[in-house]
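Comments concern the structure below.
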Amino acid sequence: MDGEAKERDAMIDEGSLAAILGVSKRTLQNMRCRCEGPPFVKIGALVRYKLEDVQAYIAERRVQTASRPIGAGGLAGRRQVQLSQNRSKKAPHC
């Protein structure tokens, strides 16, 4: 097997994926039960993720933000609008 094939077929365990995504192992377990998250391989009781699938999963969720200069009407302006809108809302009754 050449180096490219080994890299393509490389697998990581649940703990490694949890660290990469910044979630707990329990969150990954819940995602699997809901048929969410990257595809996985189950070998007996072991769960493994192909590195190639993990990279594709992350790439599919990449969000491109609109570039807008910070300054007049930028982030500071939007924050002011949010603050004024929040002040005008009444607190919900329990």
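The values are calculated or read from the model by the stated rules, or taken from the named source; none is laboratory data. Predicted model only: the values in this text are computed from it and were never measured. Every residue, glycine as well, gets a Cβ built from its backbone with ideal geometry; the counts of neighbours run over all protein chains shown.
At least 1 residues being at pLDDT 95 or above and of a type in the set (Ser, Thr, Tyr) is the threshold, and among the strands (runs of 3 or more DSSP E) wholly inside the chain those reaching it are 46-50. The residue pairs whose first member lies in region 45-56 and is more than 20 Å from GLN29 (Cβ to Cβ), whose second member is crowded, with 16+ Cβ neighbours inside 10 Å, and whose beta carbons are closer than 7 Å, counting only pairs six or more residues apart or on different chains, do not exist in this structure.
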